[in-house]
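Working notes for the structure below.
No lab work stands behind these numbers, since they all come straight from the coordinates. Worth saying up front: this structure is predicted, and the values here are computed from it rather than measured. Ideal geometry is used to build each Cβ from the backbone, glycine not excepted, and the neighbour counts take in all protein chains shown.
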Amino acid sequence: MIFLNPSYLWALLGIVVPIAIHLWSRKGGRTIKIGSIEFLQEKDSRRSSSIKLNELLLLFLRILIICLLVIIIAEPRQTVKTENSPITYLVEPSLLYEKEVMNILDSIEEDNIKLLQPGFPEYEKADFKGPFPTPNYWQLSAEMNTLRTDSIVVFTRAYVAGVKGKRPETGKKINWIVLDPGDNEKKILNAHKNGAEVILTYAVNEYLNLKFEEERTSLNSQAITINSSGDSISVSAEGKLRRLPLIPTDSLKILMVHNDSLDNEVRILKAGYRAIGSYLQIPVEVKVFTVDDIPESNDNLDFLVWLSNKPVIKTAVPKLIYRPDSLANFLVEKTSVADQYYLTHPLTSEDIMAAQLPETLLGLLQNNSHLEEMLPQYDKRQIDLGEFQTVYSEDILEKQFAVSTDLSKYLWILLLLLLLAERGLAYLRKQ
């Protein structure tokens, strides 16, 4: 038995009080029967005092009541060691929609099935709703040491996105069953309008790989439907009709602002944008102004190149700003501000090839940050089982588990019975 608040046991010293009361008792005088009190004189009665135990049964009840009350306050618990279950099945929640997995689970007792989530909640057939995030497999593997079981079987997809951190060591024998996702998944991400064509971008999962594909189709194709305003498109994908915004990319408009001393950079950058236009097969319009001749209206811009030390004009489009930095590692570096980049060195003709300037400028124009945000939900790459396995170690001690039972409710009943007995005995003894 254990106590949650053992410091309260000091109150057991309170049994000294009833013992002291019972030790100090008064002896009553003797009673002598006489026929008449006519010749007797009244005097003060005397009683001798002595130390002795009196009413032992009543004393015992009162001591027992005090001890019982102190024990109740200390919150006693009775611990009982529990036995491990022979085997426990852990199921990744996203697999609960798979018919094959459900058939397996139906043949297993529900008490032995848990979900592969933090805390390992119990599996209930009617109590799961998606979508489910990819678990952190290795973190959960370390937590499996706390399960009261001899063996663990885990049904999982083994997604690459769920493998993080250091490979853990476990003291449990874990059998990982990686389920094949079946056919390759192809999910549409966005749609761009380029002249008389529509470019559809797809994310394609191929077991160990994730890649992006572009599919070009005519505006008049029956596979797509464009609304009357021309700003959205309906495409049949993933077995259903998907509606997406239609992003126009008929041309690119770039504003370039410079100082007179940076004419060479203007010339090289313009050549780079001309190469991009030829590659994308779309017109690229580059407007060049000096710092003193910037137009007041700068609407419908796609990109701003700022080749000056003066403060940059306010605009929501991505920016390339000239900031020389001799310690920079790259010609173009991303800043802490979203969609803002620094040009860190003066440009030379060698930079076009050595620093892959046209490719870098193309990457800035094709800002795919929105695709990066969407990537986790589409990344279904799986890791090979050999690389996924955890390390089994016998050096990790298995935790001993015990179930504690609160004894207070039984002691309260016993205390009530003792109080009734004490009061009844005190009444009979006239105490």
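What to note about this one:
- Extension gain from F289 to F39, taking 0.36 nm per residue of separation minus the Cα-Cα distance: 75.9 nm
- Efficiency of FRET from Cβ geometry, Y97 and A328, R₀ 35 Å, rounded to 0.05: 0.10
- Per residue convex hull volume, Cα atoms of the stretch 263-319, in Å³: 93
- With the convex hull constructed from alpha-carbon coordinates only, the stretch 252-367 shows a mean projected area of 7.1 nm² over all directions.
- Rounded to the nearest 10 degrees, the inclination of helix 369-378 to the longest alpha-carbon principal axis of the chain is 50 degrees.
- Diagonalising the gyration tensor over the Cα atoms of the chain and scaling each eigenvalue by 5 before taking the square root yields semi-axes of 86, 33, 22 Å, largest first.
- Separation of the A316 and S151 label points, Cα + 7 Å toward Cβ, nm: 6.1
- L416 versus N309: modelled label distance in nm, points set 7 Å from Cα along the beta carbon direction: 8.9
- Summed side-chain charge close to L262 - residues other than L262 whose Cβ falls under 13 Å, Lys, Arg +1, Asp, Glu -1: +1
- Computed E for I268/D180 - FRET, C-beta separation, R0 56 angstrom, nearest 0.05: 0.65
- FRET efficiency for the pair A354 and V204, taken as 1/(1 + (r/R0)^6) with r the Cβ-Cβ distance and R0 = 41 Å, rounds to 0.75.
- Length added when fully stretched, I108-T405, from 0.36 nm per residue minus Cα-Cα: 104.0 nm
- The charge dipole of the stretch 252-367, taken about its Cα centre with unit charges on the Cβ atoms of Lys, Arg (+1), Asp and Glu (-1) only, comes to about 160 debye.
- With Cα atoms, 0 to 90° folded angle of helix 408-428 axis to the chain main axis: 20
- A simple spin-label model places the labels of A11 and L23 2.4 nm from each other, with each point 7 Å out along Cα-to-Cβ.
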